[in-house]
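*Asks:* Encoded as structure tokens, here's the structure I'll be asking about.
The values are calculated or read from the model by the stated rules, or taken from the named source; none is laboratory data. In this text, all values refer to a predicted model and were calculated from it rather than measured experimentally. Note that each Cβ is placed from the backbone with ideal geometry, even for glycine, and that neighbours are counted across all protein chains shown.
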Amino acid sequence: MAETLSFIRENWTAPIEILILSVALYYIYKYLKGTRGARILIGLALVVLTLTLISQLLNLVVIGWLLRSFSVFLAIALVVIFQPELRRALTELGSHRFFGSAFENRETIEEITDTVFELAGKGFGALIAIEREINLSTIAETGVGVDCDYSKELVLTIFQPKTVLHDGGLIVSNDRILAAGCIFPLTQREDIDRNLGLRHRAGLGLTEESDALAIVVSEETGQVSICHNGIIDRNLNVEKFRNQLSHLLLVEKYEDSPETDPALEA
């Protein structure tokens with residue numbers, strides 16, 4: 001009994017370390033699943049583990065030395081390969097939505113809801129980004145500066161199929177249209193529906209690299225979708241769209257804010 005207690009006292013940290021590593025590896029796998037880098041990581045891990053086991057079992061000194069020597073270069077290579085995923089992870093960690101929101105009142109949410117479904121009804125394709133905490137000025141620079149108050153009529157004009165700017169993305173911040181005809185980064189994920197067009201892929205790509213929301217109106221089907229945090233909610237009707245937009249821009253803001261009054265939430 002004494003030996004058992006002594007063994008537990010000496011090795012009690014081992015199960016905790018295993019648990020922490022298991023959870024970390026699971027979430028890393030879950031986060032990278034479906035990206036191009038995931039296959040590279042799996043292949044690289046298999047090669048390194050196989051060579052390490054062989055070098056230890058057969059006592060191959062040179063191969064073991066090479067593996068240890070190239071470990072630093074391997075770490076740098078992983079940073080380069082997974083640069084988009086690392087940037088997205090750090091963006092999510094550093095994002096605090098309660099500092100601000102592009103749409104902070106329900107009247108504006110109603111206005112953009114009317115705009116989006118009028119676009120869908122007319123068969124106009126559209127891609128609208130709503131800036132939140134992370135600044136989208138670098139993305140805005142890829143398009144044409146507008147910098148005016150938000151209005152449904154202007155958005156409908158921009159996305160009219162015969163206009164020059166209708167193929168690009170529109171960026172809205174603090175109830176103002178910053179720019180139109182912008183180029184959004186495309187998602188590199190491989191686990192999404194292949195039927196999704198460039199607008200949907202651009203909307204997902206932007207939300208993978210920032211905390212912005214992207215609203216997509218399909219020109220072919222008229223379906224309305226919302227992209228957020230690398231997730232896409234498709235084929236929303238008016239009520240679902242309004243509720244989702246309110247949740248993402250109003251409810252989450254107050255849920256994240258430490259100043260929220262619990263009595264109001266009840």
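*Asks:* For Thr207, only one of the following conditions fails: (1) farther than 19 Å from Leu248 by Cα; (2) out of contact with any Phe, Trp or Tyr (no Cβ under 8 Å at 6 or more places or on another chain); (3) of a type outside the set (Lys, Arg). What is its number?
*Replies:* (1)
*Asks:* Then there is this: Restricted to segment 109-139, and to residues that are surrounded by 22 or more Cβ atoms within 10 Å (Cβ to Cβ) and of a type in the set (Gly, Ala, Ser), which residue is farthest from Asn237 (Cα to Cα)?
*Replies:* Ala129
*Asks:* Regarding segment 56-78, can at least one residue be identified that is modelled with pLDDT under 80, of a type outside the set (Asp, Glu) and within 30 Å of Glu133 (Cα to Cα)?
*Replies:* Yes, segment 56-78 contains a residue that is modelled with pLDDT under 80, of a type outside the set (Asp, Glu) and within 30 Å of Glu133 (Cα to Cα).
*Asks:* Kindly indicate which of His166, His228 is assigned by TED's automatic domain parsing to the domain that holds Ile134 and farther than 12 Å from Leu127 by Cβ.
*Replies:* Numbers: His166 fails: farther than 12 Å from Leu127 by Cβ.
Exactly one residue qualifies, and that residue is His228.
*Asks:* Additional query: Taking Asp233, is it farther than 20 Å from Glu110 by Cβ and not hydrophobic (A, V, I, L, M, F, W, C)? Let's see the steps before the verdict.
*Replies:* Working: farther than 20 Å from Glu110 by Cβ: no; not hydrophobic (A, V, I, L, M, F, W, C): yes.
Considered against the rule, which asks whether it is farther than 20 Å from Glu110 by Cβ and not hydrophobic (A, V, I, L, M, F, W, C), Asp233 comes out as no.
Each row is one residue, and each column tells you yes or no for (1) of a type in the set (S, T, N, Q); (2) farther than 22 Å from Gly123 by Cα.
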residue	(1), (2)
Lys152	no, no
Phe159	no, no
Ser173	yes, yes
Pro185	no, yes
Gln188	yes, yes
Leu196	no, no
Arg201	no, no
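*Asks:* Filter segment 176-230 down to the residues that are modelled with pLDDT of 90 or more, in contact with a Lys or Arg (Cβ under 7 Å, 6 or more places away or on another chain) and more than 19 Å from Leu245 (Cα to Cα) and list them by number.
*Replies:* Leu186
*Asks:* Here's something else I'd like to know. Of all strands (runs of 3 or more DSSP E) completely enclosed by segment 167-235, which ones contain at least 2 residues that are not β-branched (Val, Ile, Thr)?
*Replies:* On the way: elements: 169-173, 176-182, 213-217, 224-228, 231-233.
Fully inside segment 167-235 and qualifying: 169-173, 176-182, 213-217, 224-228.
*Asks:* Right, another one. Taking the residues in segment 148-189 that are among the hydroxyl-bearing types (Ser, Thr, Tyr) and in contact (Cβ under 8 Å) with a residue 40 or more places away in the chain as candidates, determine which candidate is surrounded by the fewest Cβ atoms within 10 Å (Cβ to Cβ). Outline the logic, then answer.
*Replies:* Going through segment 148-189, the residues among the hydroxyl-bearing types (Ser, Thr, Tyr) turn out to be 150-151, 157, 163, 173, 187.
From the residues that got through so far, the ones that are in contact (Cβ under 8 Å) with a residue 40 or more places away in the chain too are 150, 173, 187.
Values: Tyr150: 20, Ser173: 23, Thr187: 24.
Among them, the one singled out is Tyr150.
*Asks:* Which ones in segment 52-75 are aliphatic (A, V, I, L, M), part of a helix (DSSP H, G or I) and more than 40 Å from the chain's Cα centre (by Cα)? Spell out the reasoning first.
*Replies:* Start the filter on segment 52-75 by keeping residues that are aliphatic (A, V, I, L, M), which leaves 53-54, 57-58, 60-63, 66-67, 72, 74-75.
Now drop any that are not part of a helix (DSSP H, G or I), which leaves 53-54, 57, 61-63, 66-67, 72, 74-75.
Those that are aliphatic (A, V, I, L, M), part of a helix (DSSP H, G or I) and more than 40 Å from the chain's Cα centre (by Cα): Leu57, Val61, Val62.
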